[in-house]
Amino acid sequence: MRHLPTAPPWILGISASHNGAVCLLKGDEIVVAVQEERLSRFKRHRIHGSDPAQSISYCLDYARIRPQDLSLVVLCVQGRAADPRHDLRLNPLLKEISARTPAIVIPHHLGHAVSAFATSGFIDSAVLVVDGAGSPFTDLAADEQGVVKDQVEDGWETISLYAASGTSIVPLEKHLVERGGWFRQNGGGMPRFGSLGGMFSAVAAQIFEHPMEAGKVMGLAPYGTPQISSSAFFDITEGRFNFLDDVPKMFGGEGERWPANADEYRNLAASVQSALEDAILYLAGHLRELCPSENLCYAGGVALNSVANERLIREAGFQNVYIPPAAEDSGAAIGAAYYGLWQLTGHNSRRELTRDACGRPYHPERVASAAAKFPGVRTVRTSDAVAEAVERLCEGQIIGWFDGRSELGPRALGQRSILCDPRRADAKEVLNRRVKKREAFRPFAPVVPRAEVNNWFELRGAPPESPFMLRVCEFKADKAERVPAVVHVDGTGRLQTVTPEANNRFYELVKSFQEATGVPVVLNTSFNVMGEPIVETPEDAINCLLNSGLDCCVFEDCVVLKNNHDGDG
């Protein structure tokens, strides 16, 4: 298929998964990308190749192109590619091009691997992919099938190790779970598991009743003590993971969920977190033996575990570690698109992703139109949104910050964020109860100028960069007491660093807050309430304002307030 097009090709990448997403490339530029859940407002919205997904229309409409303008469509499938629901020819949005526009289907872990390497800027890299389960053995290419660690019946990929260079992603080793059994219900007791992602999901299901609440487990873990050893979760024999039923047997029967059994569940969370860290460090060390690159790319749903990531960065021995902001399944849409680009051109331009801002922008006219739809709000004009936001933060207000293009990944990085003064001792409790409507133990992230990180955190030689909020770092003791709202129970914070080059107005906001208060830290959390996707449109933001304890929402040229709010400046 390789040729050099006369004009940059338009390539549509689709991630058909439980975090369904679409990415549109023009040449090597990500023109736009979005998760389906941000548009449907249905959390973790799964899409299939045949679905007329809103995210496809969103991307084509923003670029002002027609399906006929596409050079290639690439579908990355989590599941069986032969499922008729993944037949792109049945997609009504793409049906008219099915006969003349080529389409490629790629397996899940390959999509993750390409998404990380293509956006890393690295010349070469070791690549690690870890999640619940990806594609079945039958959907893998021959080179991937050839490096399977141990054949099992109807095996599905759970761990993949690669070496990457140029446009080549060479599989080195792949681990499979039998019959796709990454997560198996166990009556009313703790589910059994067959992968690292499944292990964390099983604990999430036991504690919080839902397997997709891995983030809650990570947040709860520092409150407990690891009293169950890693060897009770899995053993590693001749380099192969064997997942055990020891821990599920400890939690048999129906069992009560959080907040019942609080002490036991805190320790269970701490134990599974420790086990995961042991596993990831083992895999990273093994990968270094197979691929002696100084660089590591890491993706898959497990790569959202920021605590394990920090240990990986500090202890795995790689000089540079890159984890893409959309490390989970939405990022596979980016991987699919870049895979297609490489097939067309045979060239990797090594365009580094420095900011997760892939959505479409919404101009002031759209904001005004949105506000007019809600009788419960009024609008106050401003010529300086940054100054307006900082003044309100200093007054103790909790604000929605809506700026520019939305994030593709699950972390709000200053485009769709809720912000608060981190010096407020009660801010964590107020935010969790009144605004986010979630458990009291859930932490909030500090956003800090990169130049200030060494002054506030104990890096001990680790790099200061954390642009995508995928690291957890220890606060310096004398600084932690100044920002209690963003210090977790173990003295850490899930750090986001900002620079003027990558973050423009959000960086200006943090710096202006520093000038006003002497503290270069702002509390940042995602612009949503528990169970809801992060807001995408101005309408979503205003609706969240009206249905939460937010004081206001700051847009580019205005502040939207509830009619019963008297803080109109």
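Observations on the structure shown:
- Dipole of segment 120-262 [Lys/Arg +1, Asp/Glu -1 at C-beta], most positive-end residue of Ser120, Gly189, Tyr223: Tyr223
- Globularity index of segment 242-367 is 1.45 (Cα radius of gyration / 2.2 N^0.38 Å, N = number of residues).
- Ordering 535-542, 389-396 by mean Cβ neighbour count within 10 Å, with the highest value first, yields 535-542, 389-396.
- Simple spin-label estimate for His286 and Arg85 in nanometres, 7 Å along Cα-Cβ: 3.2 nm
- Phe234 long-range amide H proximity, modeled H, under 5 Å: Leu244
- Percent carbon-and-sulfur accessible area, the chain, ignoring ligands, DNA and RNA, probe 1.4 Å: 47 percent
- Annotation: lysines with alpha-carbon distance below 21 angstrom to Lys511 (same-chain offsets under eight excluded): Lys476, Lys479.
- Packing around the peptides 411-424, 26-39, taken as the average count of other Cβ atoms within 10 Å per residue, puts them in this order, highest first: 411-424, 26-39.
- DSSP bridge analysis restricted to the chain gives an antiparallel fraction near 70%, rounded to the nearest 5.
- Rolling a 1.4 Å probe over the heavy atoms of the protein chains gives the chain an accessible area of 37 Å² per residue.
- Prolate/oblate/rounded call for the chain, Cα gyration tensor, a/c under 1.5 rounded: oblate
- Backbone amide hydrogens, once placed in the peptide plane, bring Trp401 within less than 5 Å of Ser417, Ile418, Leu419, Val554, excluding anything fewer than 5 places away on its chain.
- Calculated mean residue ellipticity at 222 nm for the chain: -8500 deg cm²/dmol, from DSSP H runs with n ≥ 4 weighted as -39500 (n - 2.57), summed, divided by the residue count and rounded to 500.
- Here Ser57 and Glu209 are evaluated by their C-beta separation; at R0 = 41 Å the FRET efficiency comes out at 0.75.
- Glu515/Ala372 FRET efficiency (R0 41 Å; Cβ-Cβ; nearest 0.05): 0.70
- Lys, Arg +1 and Asp, Glu -1 on Cβ, resulting dipole of the chain about Cα centre, debye, nearest 20: 920 debye
- Phi-derived couplings, Karplus 6.51 cos²θ - 1.76 cosθ + 1.60 at θ = phi - 60°, listed residue by residue for segment 308-321: 5, 4, 5, 5, 4, 4, 7, 10, 7, x, 7, 6, 10, 10 Hz, with x used for Gly and Pro.
- With R₀ set to 51 Å, the beta-carbon distance separating Leu244 from Glu365 gives a calculated FRET efficiency near 0.30.
- Packing-based ranking, highest mean first, of 302-308, 137-143, 505-511 given that Cβ atoms within 10 Å are counted: 302-308, 505-511, 137-143
- Annotation: amide H of Ile159 within the under-5 Å range of His175, sequence separation 5 or more or interchain, hydrogens built in the peptide plane.
The values are calculated or read from the model by the stated rules, or taken from the named source; none is laboratory data. Here the structure is a predicted model, which means the values were calculated and not measured. Methodologically, a virtual Cβ is constructed for each residue, glycine included, from the backbone with ideal geometry; neighbour enumeration extends over all protein chains shown. Only protein heavy atoms, including side chains, enter the accessible area calculation; ligands, DNA and RNA are left aside. Shrake-Rupley method; radii C 1.70, N 1.55, O 1.52, S 1.80 Å.
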